[in-house]
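The values are calculated or read from the model by the stated rules, or taken from the named source; none is laboratory data. Owing to the predicted nature of the structure, the values given are computational and were not obtained by experimental measurement. Neighbour counts run over all protein chains shown; Cβ positions are idealised from the backbone, glycine included. The area values use the complete protein model at the heavy-atom level, side chains included, leaving out ligands, DNA and RNA. Shrake-Rupley method; radii C 1.70, N 1.55, O 1.52, S 1.80 Å.
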Amino acid sequence: MMDLKGFLDEKVEQYNQPGFIPNDPISIPHRFSKKQDIEITGFFASILAWGQRKTIINKCIELFERMDNAPHEFLMNHQESDLQIFLSFKHRTFNDIDTLYFIHFLSWFYQNHDSLEEAFLIERKSGDVPMEKLLISFHEFFFSLPDAPQRTRKHIATPARKAACKRINMFLRWMVRKDDKGVDFGIWNKIQPSQLICPCDLHVDRVGRKLGLITRKQTDWLTALELTDKLLEFDPLDPVKYDFALFGLGIEEKF
């Protein structure tokens, strides 16, 4: 295991670099400097992150051009007529209904809160809360508005449905992790890096299994926990940094 830790530490160092940014959906929030713009664009980019990375990036660019590349200002000040332009937006199964509800919720939320981090802590009273509970409560909160479409619920995964929650865990990695490499943003302070769960996508799952970090046959929430528990042995304070190593090995090196 120590040999494996050394190998993965080297791969983290190799891939957790600014050169990782341009070809990854994280490049979308890196186009912005305002905290709320980073949160909003990062959230959309993570939720839309399935399919080819180039297509994901292009779709996100298209979406935020419709907000005049000022998403927070748009959410706070748009008129009903400004929403017409989103009726033609679509990415795979994410369509205009989903887009308009996301805009509706985020507009309502930012009228009452300064940071999207608060949406993940809505039921936290004190101390660290397991990520499973934070994600379940976030999902319930996000779809708590009276007109929440049933079809849109599938676009935000929840451990309550046993999902691995890859996209939302990736978004949290972007917002929470702090290091000096300039890839992840680390602009949230109440959720700690040690609480994060490793995003378990196709590449991470495949490499994790080859390295003996995953033994479960299926890929679900328990699989993400199993992988993260192994990574906590390597770094109990920042286990999800190894996402860079596993993803890089999978997509760049075809490990």
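Of all positions in the range 11-30, at least one carries a residue that is without any contact (Cβ under 8 Å) to a residue 12 or more places away in the chain and either outside any helix (DSSP H, G or I) or in contact with a strand residue (DSSP E or B) (Cβ under 8 Å, 6 or more places away or on another chain) (or both). PHE143 satisfies every condition listed in (1) of a type outside the set (D, E, K, R); (2) free of Cβ contacts under 8 Å to residues at least 60 places away in the same chain; (3) over 21 Å from ARG161 (Cβ atoms) except (3). For the range 78-117, the set of residues classified as of a type outside the set (Ser, Thr, Tyr) and touching a residue at least 40 places away in the same chain (Cβ under 8 Å) consists of HIS91, ARG92, PHE94, ILE97, ASP98, PHE102, HIS104, PHE105, LEU106, ASP114, LEU116, GLU117, listed by residue number. Of the set (1) of a type in the set (Ser, Thr, Tyr); (2) under 17 Å from the mean Cα position of the chain (by Cα); (3) in a loop (DSSP other than H, G, I, E, B), all apply to THR219 but (2).
Take PHE185 and decide whether it is surrounded by fewer than 21 Cβ atoms within 10 Å (Cβ to Cβ), farther than 16 Å from ILE26 by Cβ and either touching a helix residue (DSSP H, G or I) at 6+ places or on another chain (Cβ under 7 Å) or among the polar types (S, T, N, Q) (or both). Walk me through it before giving the result.
On the way: surrounded by fewer than 21 Cβ atoms within 10 Å (Cβ to Cβ): yes; farther than 16 Å from ILE26 by Cβ: no; either touching a helix residue (DSSP H, G or I) at 6+ places or on another chain (Cβ under 7 Å) or among the polar types (S, T, N, Q) (or both): yes.
Judged against the criteria, PHE185 is not a match.
For the range 188-210, taking the residues that are in contact (Cβ under 8 Å) with a residue 60 or more places away in the chain and open to solvent by less than 10 Å² (accessible area, probe 1.4 Å), the one that is nearest to ASN16 (Cα to Cα) is identified as LEU196.
Before we move on, is ASP37 assigned to a loop (DSSP other than H, G, I, E, B) and of a type in the set (D, E, K, R)? Against the criterion (assigned to a loop (DSSP other than H, G, I, E, B) and of a type in the set (D, E, K, R)), ASP37 does not qualify.
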